[in-house]
1. Check every one of the helices (runs of 4 or more DSSP H) wholly within segment 1-117 and list those with 1 or more residues that are touching a helix residue (DSSP H, G or I) at 6+ places or on another chain (Cβ under 8 Å) and modelled with pLDDT under 75.
2. Would you be able to tell me the number of residues in segment 186-212 that are surrounded by fewer than 24 Cβ atoms within 10 Å (Cβ to Cβ), in contact with a helix residue (DSSP H, G or I) (Cβ under 9 Å, 6 or more places away or on another chain), in a helix (DSSP H, G or I) and modelled with pLDDT of 90 or more?
């Protein structure tokens, strides 16, 4: 790598780790950056998982030390996501990327208005913890989210938060903690698929991970200190920007 790749990746990774830990869709920054620095799309996708894994490890550690979650609570809800992520990572289907981006952008806008119209559900929540025996609907939802996360990762945090808040009744701080845990549990399996196919650039991945871990550390502490209302504001801002990008509206503006 060129010497200037290191500060660029660390600075970008810090922003990405912060966004991913409090909301999601930070990979919409890191994936284009890795490709701009010379990686093919498939190798950038695999390399990004190195940073996601280590970022999630730090995020879970912060939330666990702050007693926001107990790891064993999230195991059962994470299992369908793990299975889905493995399938998503090995899928060899020719999908229309443009259609997929618009579909995801539309879903993000729906979630934006759900957060605006039902703020009490996102801030207060209804449940203190995840049901240790998830229902069929929850299993299907988290399997589908894992499938998407294994395939591309970008934006998966929004869908995990939606499932955890609206489906399991958690407030945003606790949902963010469990979101990080689920990503931490499924990412090693998806990453293994990319490693076996030679689609990981370790130098860039580990450098990006340094920034991601720093961003996750800062974000986790801020989430615990400032509460669900603060996280909701960050989530609304990030969803708005990500949805506009997915729908291609920035191209029309600029």
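The values are calculated or read from the model by the stated rules, or taken from the named source; none is laboratory data. Please read all numbers here as calculations on a predicted model, not as lab measurements. Note that each Cβ is placed from the backbone with ideal geometry, even for glycine, and that neighbours are counted across all protein chains shown.
1. Counting at least 1 such residues, we get 97-117.
2. 9
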